[in-house]
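These notes concern the structure reproduced below.
The values are calculated or read from the model by the stated rules, or taken from the named source; none is laboratory data. All figures in this text were calculated on a predicted structure; none of them were measured in a lab. All Cβ positions, even for glycine, are placed from backbone atoms using ideal geometry, and neighbour counts span all protein chains on display.
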Amino acid sequence: MSGPRRSLLLAAALLTVLATAAANARAQPPITPGQGATEQLFYLVLVPAIGIGIFVMVLVAYAVLKFRVRPGHTTGPAVAKTHDRKLETAWTIIPAIILVVVGVAAFQTLVVTDTIPSNPDLTMCVFAQQWAWGFVSTNGTCPSVASAQLRFPPGDFTVKVGRSVKLIFQSIDVAHSFYIPAFDLKIDVIPGHQNVYWFTALQVGNYEIHCAEFCGLQHYSMVATLHVVPG
């Protein structure tokens, strides 16, 4: 078997191993629809990218070993091949197809993650302040930052599993970032600007909330808990 064919088979074998590992990693059901869509996009990009990287490294290693200077092989061919129209066409069209596939998949992911429900089961105002999170249930309108600064209740909040939750974020002082690691959910909370996001928790449990933007000396203590309870 020729060297390039061996290289191709090795890259295919490694890609198969990676794909199997990715499938096992995705065996656990998603906690939110957004997390599921994001992980699908992640593995759609990761597995082929690693496979392509391995394939390229194998080809480079093959070329280095085959065409290195050694006894009896100190000069190149008399008429070196400088271009190949078919090969150049292939390495232009194939990446273009990959980009189109990834672009379509990314758009579909954004449709899931960034489409706010028009009639959510719960709307929650999330206030960020050094160094605490505050949660105020609302019918769609959040209190002003000035009034919230005086009375927002810091701590945890509870939602029912399977219920859609709309989140409206406001900062009372400096920039923060609302982060639920288990949900793959991270939204910046910027002073003077409202950001809006949503989630639907699909599994009962207690999920930690952190601040992912350094906001002062006690940034580490800016934590809360999301409690997802049976419906």
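Taking only the stretch 68-86 into account, find how many residues are surrounded by 10 or more Cβ atoms within 10 Å (Cβ to Cβ) and either within 26 Å of G53 (Cα to Cα) or in contact with a Ser or Thr (Cβ under 7 Å, 6 or more places away or on another chain) (or both). Even if it seems obvious, please write down each step before you answer.
In the first step, residues of the stretch 68-86 are kept if they are surrounded by 10 or more Cβ atoms within 10 Å (Cβ to Cβ); the result is 73, 84.
In the following step, the residues that additionally are either within 26 Å of G53 (Cα to Cα) or in contact with a Ser or Thr (Cβ under 7 Å, 6 or more places away or on another chain) (or both) were identified as 84.
Qualifying residue count, the stretch 68-86: 1.
Under 26 Å from L110 (Cβ atoms) and in contact with a helix residue (DSSP H, G or I) (Cβ under 6 Å, 6 or more places away or on another chain): which single residue out of F183, F178 fits that description?
Details: F178 fails: in contact with a helix residue (DSSP H, G or I) (Cβ under 6 Å, 6 or more places away or on another chain).
So the residue among F183, F178 that is under 26 Å from L110 (Cβ atoms) and in contact with a helix residue (DSSP H, G or I) (Cβ under 6 Å, 6 or more places away or on another chain) is F183.
Which residues, taken from the stretch 119-139, are free of Cβ contacts under 8 Å to residues at least 40 places away in the same chain, outside any strand (DSSP E or B) and within 18 Å of G192 (Cα to Cα)?
Correct list: empty.
Which one is farthest from the chain's Cα centre (by Cα) among residues in the stretch 178-204 that are farther than 19 Å from A37 by Cα and surrounded by 13 or more Cβ atoms within 10 Å (Cβ to Cβ)? If you could, list the steps in order and put the result at the bottom.
Initially, the stretch 178-204 is screened for residues farther than 19 Å from A37 by Cα, giving 178, 188-195, 204.
Going one step further and asking which of them are surrounded by 13 or more Cβ atoms within 10 Å (Cβ to Cβ), we end up with 178, 188-191, 194-195, 204.
On the way: F178: 15, D188: 15, V189: 19, I190: 21, P191: 25, Q194: 22, N195: 19, V204: 22 Å.
Once the filter is applied, the top-ranked residue is P191.
Only residues in the stretch 203-231 that are within 16 Å of L185 (Cβ to Cβ) count as the first member; pair them with residues that are basic (K, R), Cβ under 7 angstrom, at least 6 apart or cross-chain, and list the lot.
Matching pairs, first to second residue: A212/K186.
Looking at P77, P48 in this structure, which one is part of a loop (DSSP other than H, G, I, E, B), outside the structural domain of V165 (by TED's automatic domain parsing) and either within 30 Å of N206 (Cβ to Cβ) or modelled with pLDDT under 85 (or both)? Before you say what the answer is, go through the steps one by one.
Details: P48 fails: part of a loop (DSSP other than H, G, I, E, B).
Every option except P77 fails the conditions.
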